[in-house]
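The values are calculated or read from the model by the stated rules, or taken from the named source; none is laboratory data. Remember, it's a predicted structure, so these values are computed and weren't measured experimentally. No Cβ is skipped: glycine too gets one built from the backbone with ideal geometry, and neighbour counts run over all protein chains shown. For accessibility, only protein heavy atoms count, side chains too; no ligands or nucleic acids. Shrake-Rupley method; radii C 1.70, N 1.55, O 1.52, S 1.80 Å.
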Protein chains: 2
Amino acid sequence: MIAITRQNLVLTSSFLLGVGLIINPAQSALISSLGFALLSYSVTYVLIPRLGPSFVKIGLFGKDLSKKNNPVLPETMGAISAIVYLFTMYFFIPFMFYKYLVTITSGGGNRDEGLELTDPVLSSSNSTDIPVISASRLFPHNKLATYLSAILCLQSMFVLGVADDLFDIRWRNKFFLPAIASIPLLIVYYVDFGVTKVMVPAILQVYLGETVDLGLLYYGYMAAVAIFCTNCINIYAGVNGLEVGQSIVIALLILANDTLYLINPGHPAIESHLFSMYLLLPFLGVSFALLRYNWWPAKCFVGDTYCYFAGMVFAVVGILGHFSKTLLLFFIPQIFNFVYSVPQLFGLVVCPRHRMPRFNAKTGLLEVSRADLVAPPAKWLDFLLRILAKLRLIAIWTKPDDDKVIVQVSNMTAINLCLVNMGPLREDRLTMVLMAVQLFTGVVAIVLRHSLASVIFGKDNL
Amino acid sequence: MIAITRQNLVLTSSFLLGVGLIINPAQSALISSLGFALLSYSVTYVLIPRLGPSFVKIGLFGKDLSKKNNPVLPETMGAISAIVYLFTMYFFIPFMFYKYLVTITSGGGNRDEGLELTDPVLSSSNSTDIPVISASRLFPHNKLATYLSAILCLQSMFVLGVADDLFDIRWRNKFFLPAIASIPLLIVYYVDFGVTKVMVPAILQVYLGETVDLGLLYYGYMAAVAIFCTNCINIYAGVNGLEVGQSIVIALLILANDTLYLINPGHPAIESHLFSMYLLLPFLGVSFALLRYNWWPAKCFVGDTYCYFAGMVFAVVGILGHFSKTLLLFFIPQIFNFVYSVPQLFGLVVCPRHRMPRFNAKTGLLEVSRADLVAPPAKWLDFLLRILAKLRLIAIWTKPDDDKVIVQVSNMTAINLCLVNMGPLREDRLTMVLMAVQLFTGVVAIVLRHSLASVIFGKDNL
């Protein structure tokens with residue numbers, strides 16, 4: 001017997017609304033995608049608590065160090081989100097191409113017969129010397145191939161992410177996993193598309209022309225985008241809800257940027273941005289469901305699998321939508337977090353194994369975590385650290401009896417920086433602040449990007 | 001320092017020969033595929049012993065009960081074969097479409113420009129009222145989409161297979177995993193292809209016409225093929241090398257059948273059978289490497305992952321090559337094994353948890369394993385068992401003091417049946433006999449299929 005609780009009502013209605021939207025009478029792929037987002041939310045929400053114990057049983061669990069008694073929680077639960085997402089994306093395929101399918105009467109051959117031209121990308125991709133009649137009858141196999149390569153790439157990332165969670169792959173190796181996972185995407189891009197030109201900024205156009213062909217370098221660039229997006233999210237972690245929370249904010253920012261193109265009818269990039277929305281809406285669905293369990297006080301951990309997977313969704317969307325440079329603007333806090341970590345990562349200041357905030361069991365709040373300096377810092381470093389501390393970019397602690405000697409510095413992560421400036425926070429407040437910063441920098445980035453692009457490149461593409 | 005051993009020489013030369021074949025000057029995709037097979041062999045061969053200990057560490061191991069002291073061996077090593085296979089298939093993509101790529105000068109737009117028509121499937125799939133000029137300029141995106149859907153399906157099967165090995169999914173659930181994994185294949189088939197007609201046997205053509213459109217039922221049929229192929233292999237197991245051995249024989253049989261079409265120039269099904277060869281050659285590569293370690297005395301187990309994966313390779317090849325009915329002819333020992341098991345599976349005769357042959361530590365040979373009857377069988381069953389025993393289809397054991405009462409019967413598996421007729425065998429001999437039976441029935445099936453098809457369907461398609 002299923003009890004009538006608020007939660008069950010929300011689930012049932014999101015499920016039913018989802019189904020309704022999927023088979024929307026307007027036959028809009030975007031509305032179907034929204035429906036699949038709701039559906040994937042409810043499915044993920046139901047599955048996570050049911051499958052959690054099985055994960056614990058095979059050793060996928062971790063201790064939550066920021067709680068009293070360090071409770072044991074199932075780990076790698078992002079794998080469930082990823083699996084639900086992947087199957088959602090399979091089932092979405094017929095709806096994405098619905099307008100090409102309805103004109104078919106019955107099975108009996110290749111879809112290339114009896115279709116109407118309604119696809120701007122398709123028509124623009126055919127060169128002008130091909131008679132229109134041929135294009136008007138073609139099923140967009142190229143779009144299907146691109147879509148399948150995107151799913152293949154995400155599925156590969158999922159597999160490698162799970163492998164990482166299972167086998168605890170070494171850092172120097174796992175750093176490159178996303179590049180390996182992006183191979184199917186890059187190869188299909190090479191075979192199917194092959195555009196390796198990039199816009200040149202206006203001041204350089206005199207020397208280089210309007211575009212420059214990067215050739216093979218472009219594939220290196222795409223692999224680098226995959227490595228960047230995934231590892232960024234994986235590093236900016238350690239507080240309940242942060243991995244999923246930042247991913248949700250980034251997805252919302254990309255969706256906002258997509259919408260700017262969508263409300264601009266006839267824009268040539270509409271198809272790319274629709275594609276991006278098809279990938280992101282169900283991603284939001286499975287992520288929100290995961291967040292419900294990963295939010296403070298967390299009932300599960302998301303695992304590297306989720307971080308890799310989320311990052312790869314963004315990389316795929318940016319690469320295939322041809323807005324990978326814009327994409328990087330939505331990762332400002334992550335980029336800052338990396339740059340800010342450099343002194344510790346490169347050994348200028350000592351780097352402990354874990355740098356997450358310290359839990360104060362008495363107050364129940366998170367406090368700045370500290371790195372113990374093994375020796376007093378060199379004079380110039382001492383000077384630098386004191387200036388940074390004045391600017392509240394770090395916190396320093398001196399010997400109790402001699403304030404000339406620095407013995408501890410705050411760990412250099414964006415999370416700690418937040419605590420340095422705001423004081424101890426409860427874990428969920430901390431996550432909320434960090435998500436707000438992500439949202440704020442992203443919105444500013446969108447505004448600047450569309451106002452500055454015309455200055456730098458001579459024109460904005462909106 | 002790498003020692004110059006026979007093994008290292010074989011590996012190095014298969015690697016180098018593989019690379020050479022891949023970039024063959026004739027630019028034949030089939031020769032490249034052969035090259036990838038050699039390459040995947042050497043990579044898998046190197047990886048398995050290196051990754052084995054990591055699998056044991058996370059609990060993926062099993063005891064070999066048919067050896068003295070029951071040594072502990074790494075389990076699920078077929079996952080490595082599968083991963084190498086999947087990445088091989090990614091890297092094969094540019095070579096599969098090489099002839100379409102070479103006419104492109106440089107990146108700069110969609111591949112639909114400036115191509116020559118050399119693909120019989122493509123030209124036949126375009127209806128006659130489309131001007132030839134359009135088809136002559138098209139990159140075969142439909143073939144790419146089909147290929148990607150095949151890899152997606154195999155990767156999904158891999159994921160679910162690993163999930164099974166990790167979580168030990170219940171029988172009634174795992175039985176349907178292949179149907180779930182086939183979803184991407186079925187959906188792309190629906191969107192992209194949609195042929196759901198089947199040939200009608202000659203005697204029924206008067207009533208039904210030459211073909212009959214199965215519609216949705218056809219999708220059920222395809223899912224059933226996936227379930228059948230995978231579970232068949234998974235059930236016919238339990239002796240070192242048998243899972244991989246039977247898969248290799250089946251793959252060789254399909255390749256032989258493919259070759260019959262290939263040597264028939266201009267045959268309309270050549271593309272389908274080439275496609276099948278592209279999928280099977282690298283599969284043979286990773287399987288032979290796995291067999292080297294799984295052969296008696298085994299150094300590793302292959303896991304459900306391999307059985308599912310191998311079965312799915314065959315299912316995909318049969319479905320996309322449109323010879324799924326012929327495919328079933330290569331599974332005669334597996335089908336026999338299932339039918340033969342029915343009395344035990346359905347409880348007519350008691351069914352112990354394990355039915356694999358019994359290891360005799362003294363002789364080092366495998367003997368028929370027995371099921372203990374809890375009560376004397378009913379009169380009709382007693383009669384039946386004695387007849388089957390006379391026909392050497394089973395072995396029975398009676399009470400030492402009263403040969404009227406049957407107390408034990410041999411377990412009804414094809415493996416035990418072999419031992420009933422041939423006496424105790426060493427494990428590798430047993431596997432060899434079973435592989436020989438597989439090969440023999442398969443060859444007979446190919447001959448009969450191409451001689452009887454014209455009788456049943458009014459024509460053979462060769």
Could you name the lysines in cross-link range of B:Lys143, using Cα to Cα under 27 Å and dropping any fewer than eight places away on the same chain?
A:Lys99, A:Lys143, A:Lys197, B:Lys99, B:Lys197, B:Lys325
Cross-link reach from B:Lys379 to lysines, straight Cα distance under 26 Å and at least 8 residues apart if same chain, gives B:Lys390, B:Lys399, B:Lys404
Do the sum for chain B: with -39,500 (n - 2.57) for every DSSP H run of n ≥ 4, divided by all residues, what is the mean residue ellipticity at 222 nm, to the nearest 500 deg cm²/dmol?
-20000 deg cm²/dmol
Using alpha-carbon coordinates, inclination of helix B:332-345 to the longest axis of chain B, degrees
40
Less than 29 Å apart at the alpha-carbon level, and either on another chain or at least 8 residues along: which lysines does that give for A:Lys68?
A:Lys57, A:Lys299, A:Lys362
Rounded to 10°, Cα long-axis angle of helix A:303-320 versus longest principal axis of chain A:
50
How many percent of Cα pairs in chain A exceed 43 Å?
20
Show me, for segment B:451-460, the HN-Hα J-couplings you get by feeding each phi into the Karplus relation (A = 6.51, B = -1.76, C = 1.60, θ = phi - 60°), rounded to Hz, glycine and proline as x.
9, 8, 4, 5, 6, 7, 9, x, 6, 8
Using alpha carbon centers only, segment A:192-225 is separated from segment A:238-297 by a whole-angstrom value of 27
Taking only protein heavy atoms and a 1.4 Å probe, what accessible area per residue, in Å², does the protein assembly as shown have with all protein chains in place?
44
By what distance, in whole Å, do the Cα atoms of segment B:344-429 stretch along each of the three principal axes, largest value first?
39, 30, 23
Solvent-accessible area buried by pairing A with B, both sides, nearest 100 square angstrom, 1.4 angstrom probe
5100
Considering only protein heavy atoms and a 1.4 Å probe, what is the carbon-and-sulfur percentage of the accessible area of the protein assembly as shown?
68
From most to least accessible, 1.4 Å probe, no ligand or DNA/RNA atoms counted, A:Ile415, B:Ile31, B:Ile23 line up as B:Ile23, B:Ile31, A:Ile415
Largest to smallest accessible area among B:Asp64, A:Asp403 [probe 1.4 Å]
A:Asp403, B:Asp64
Note down the magnitude of the dipole of chain B about its Cα centre, charges +1 on Lys and Arg C-beta and -1 on Asp and Glu C-beta and zero elsewhere, to the nearest 20 debye.
1440
At a 1.4 Å probe, which residues in segment B:141-169 are at least 50 Å² less accessible with all protein chains present than in their chain isolated?
B:His141, B:Leu148, B:Leu152, B:Gln155, B:Val159, B:Leu166, B:Phe167
Quick one, can you get me the convex hull of the C-alpha atoms of the protein assembly as shown expressed as volume per residue in Å³?
236
Expressed as a rounded percentage, what relative contact order does chain A have, with Cα pairs under 8 Å and six or more residues apart?
18
Taking the 0 to 90 degree range and rounding to the nearest ten, how far is the long axis of helix B:6-22 tilted relative to the main principal axis of chain B, both from C-alpha atoms?
30
Once phi for every residue in segment B:233-246 is put through the Karplus expression 6.51 cos²θ - 1.76 cosθ + 1.60 (θ = phi - 60°), the whole-Hz ³J(HN,Hα) values, with Gly and Pro written as x, are 6, 5, 7, 8, 8, x, 10, 3, x, 6, 4, 6, x, 4
Leaving out ligands, DNA and RNA but keeping every protein chain, what accessible area does B:His354 have, in Å² rounded to the nearest 10, with a 1.4 Å probe?
120
